[in-house]
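All of the numbers you see were taken from the coordinates with simple rules; none came from a lab. Here the structure is a predicted model, which means the values were calculated and not measured. Here Cβ is always computed from backbone atoms with ideal geometry, including for glycine, and neighbour counts include all displayed protein chains.
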Amino acid sequence: MFKKRSLWISILVVTLIIACSTSSSSVPKLRDKHHQPFSSESIWNMPIGADAQYSGAGLGQAKRFSPEINYYIVTQETDPQVPWYFPQNWGVGRCELGGRQLGKIHVRADLIVPDATENKTPNNAAAFLAPDGETLIQLNPLTRCEKGGPVFGHPTPREENIYGMGITGGQGGSGLSSIGGTIRLGELLPSAPPIPHVLKLLVYAHQYLYREPPGYRWPAVRSDAYAYKDDSPLRYGGSNPKLVMGALLAIPPEMREDDLGLQTLPGKKLFHALQDYGGYIVDDTAWDNYAIALESGAETEFELTYGYSFGKNSGPFYEDINQLFRALSIVDNNTPETLGGGGTPRQPLAPPIGN
C-alpha cells in the first residue's frame with residue numbers, strides 16, 4: 001500500500017511539474033517600457049538581417065574612448081512643475097537665465113545635472129517621460145544647477161511616444177533619440193543576458209564623417225550646424241560618402257570574438273550587440289575619441305563591477321573598444337523598408353511591452 005501511494009504521489013508531482021511548465025511556457029514574455037522602450041519594429045530594437053550588405057567604414061585607432069551619458073527621467077503629476085528655458089550657452093553658463101522660456105516641465109526636486117566646464121561640454125541628451133506614461137519630452141544639453149531650480153535644454157522638433165517608433169530626440173548631431181540605443185543600467189553586468197538592442201555610437205566627425213553635404217541619411221534628420229562651415233575647426237572632413245550621421249554600423253557575420261583578440265567580458269558583450277544589432281552614428285565626439293551611449297548611473301555601476309572606468313584610456317578594455325570600432329562596417333541597405341538590411345533577423349524581435 002505504501003509503495004502504491006508513493007507511486008501515485010510521484011506521478012502527481014511529475015504531472016504538476018509538466019502542467020506548470022506548459023502553463024508558464026504558454027505565457028508570452030513581456031518587456032518593461034522603462035528599460036527597453038519603443039515598438040518591436042523600432043529602429044532601436046531591430047536586429048541585423050541576413051540580407052544586410054556591408055561595406056568598410058574605415059575607422060581607425062582613437063586616442064581616447066568615453067561614455068556618452070544619456071538621461072531617462074520618469075515624472076509624476078506630484079513632481080513640481082518648473083520653468084524650462086532655452087540655454088544661452090553651449091559651454092560654461094548653461095544655467096544662465098536669458099534664453100526664452102519654452103514652457104514648464106514636471107521634474108523631481110532633487111534632480112541635478114551640472115553645468116559644463118572649460119574642459120567638458122557633454123551633450124546630455126535627455127528624455128523625460130511625462131506623467132501620462134506615454135509622452136517623451138526630449139532635450140539637450142540637459143542642465144539643472146540647483147535643486148528645485150529651472151531646467152535648461154534645447155527642445156526637439158518632434159514628439160515621440162514610448163510605445164511608438166521612437167526615432168527622433170535629443171542627440172543634437174543627428175536628431176536621433178535621447179534614450180533609444182542607450183545601454184541601460186544592468187546591461188553590462190556579468191550576469192546580464194546579451195544586450196537586446198541597437199547601440200548609439202559617436203565618432204570624430206572632423207576625421208571621419210563625409211566632407212560634403214548633406215552629411216546624414218535616414219533615420220537621422222540632420223547633421224551638425226557646423227558640418228560644412230569652412231571656418232569651423234570641427235568641419236566634417238571624411239572621405240567615405242557612406243559614413244554620415246545616421247549610418248548603421250555593424251560587425252560582419254563572419255567575424256568572431258577570437259578574430260579581434262578581445263580580452264574583457266564587457267568587450268565581448270559589446271561585440272555581440274554590435275554584430276547582432278549594430279549601432280547608429282548619432283553625434284560628434286569633437287576630438288580624436290570614440291563614445292558609446294550609456295544611461296546615467298551605468299558608468300558608476302560599470303566601474304564598481306569591473307574595477308576600471310568605462311572611459312579608461314589604457315588597458316585591455318580600451319584596446320577592445322578600438323578593436324570593435326575598427327571592425328565595424330556600414331550596413332548599406334538599411335532603409336525604412338529593409339531595417340537592418342532586411343531578411344531573417346539575427347535575433348528574435350523584442351517581445352511586446354507589458355506596462
- prompt: Just to be sure, is Lys120 under 24 Å from the mean Cα position of the chain (by Cα) and surrounded by fewer than 14 Cβ atoms within 10 Å (Cβ to Cβ)?
  reply: yes
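Looking only at residues that are within 24 Å of the chain's Cα centre (by Cα) and without any contact (Cβ under 8 Å) to a residue 40 or more places away in the chain in region 248-262, which one is surrounded by the fewest Cβ atoms within 10 Å (Cβ to Cβ)?
Arg256
How many residues, within region 92-117, are surrounded by 13 or more Cβ atoms within 10 Å (Cβ to Cβ) and assigned to a loop (DSSP other than H, G, I, E, B)? Break it down into steps so the answer makes sense when it comes.
Filtering region 92-117 down to residues surrounded by 13 or more Cβ atoms within 10 Å (Cβ to Cβ) leaves 92-96, 99, 102, 104-108, 111, 113-116.
Next, from what is left, pick out any that are assigned to a loop (DSSP other than H, G, I, E, B): 92-96, 107-108, 111, 114-116.
Looking only at that region, the number is 11.
Of these, Glu41, Glu68, which one is surrounded by fewer than 20 Cβ atoms within 10 Å (Cβ to Cβ) and in contact (Cβ under 8 Å) with a residue 24 or more places away in the chain?
Exactly one of Glu41, Glu68 is surrounded by fewer than 20 Cβ atoms within 10 Å (Cβ to Cβ) and in contact (Cβ under 8 Å) with a residue 24 or more places away in the chain, namely Glu41.
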message: Any residue at all in region 38-58 that's in contact with a helix residue (DSSP H, G or I) (Cβ under 8 Å, 6 or more places away or on another chain) and on the phi > 0 side of the Ramachandran plot?
response: yes
query: Can you pull out the residues in region 116-168 that are touching a Leu at 6+ places or on another chain (Cβ under 9 Å), over 16 Å from Leu102 (Cα atoms) and β-branched (Val, Ile, Thr)?
result: Thr135, Ile162, Ile167, Thr168
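So, in region 324-347, how many residues would count as being more than 15 Å from Gly58 (Cβ to Cβ) and either surrounded by 15 or more Cβ atoms within 10 Å (Cβ to Cβ) or touching a residue at least 60 places away in the same chain (Cβ under 8 Å) (or both)?
Just the residues of region 324-347 that are more than 15 Å from Gly58 (Cβ to Cβ), to begin with: 333-347.
After this cut, where a residue has to be either surrounded by 15 or more Cβ atoms within 10 Å (Cβ to Cβ) or touching a residue at least 60 places away in the same chain (Cβ under 8 Å) (or both) as well, the list is 333-336, 338-347.
Of the residues in that region, 14 qualify.
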query: When region 134-156 is examined, which residues are found to be touching a residue at least 60 places away in the same chain (Cβ under 8 Å) and either outside any strand (DSSP E or B) or not aliphatic (A, V, I, L, M) (or both)?
result: Gly148, Gly149, Pro150, Phe152, Gly153, His154, Pro155
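Does region 197-209 contain at least one residue that is within 19 Å of Leu339 (Cβ to Cβ) and in a loop (DSSP other than H, G, I, E, B)?
Within region 197-209, the first condition is being within 19 Å of Leu339 (Cβ to Cβ), and the residues that meet it are 197-201.
From what is left, the residues that are in a loop (DSSP other than H, G, I, E, B) are 197-198.
Yes; the residues of region 197-209 include at least one that is within 19 Å of Leu339 (Cβ to Cβ) and in a loop (DSSP other than H, G, I, E, B).
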- prompt: Can Met245 be described as closer than 30 Å to Phe38 by Cα, over 18 Å from the mean Cα position of the chain (by Cα) and among the aliphatic types (A, V, I, L, M)?
  reply: no
message: Which of the strands (runs of 3 or more DSSP E) found entirely inside region 225-344 contain at least 2 residues meeting this: over 23 Å from Pro122 (Cα atoms) and of a type in the set (Val, Ile, Thr)?
response: 329-331
- request: Determine whether region 215-223 contains at least one residue that is among the β-branched types (Val, Ile, Thr) and either over 16 Å from the mean Cα position of the chain (by Cα) or farther than 22 Å from Asp276 by Cα (or both).
  value: yes
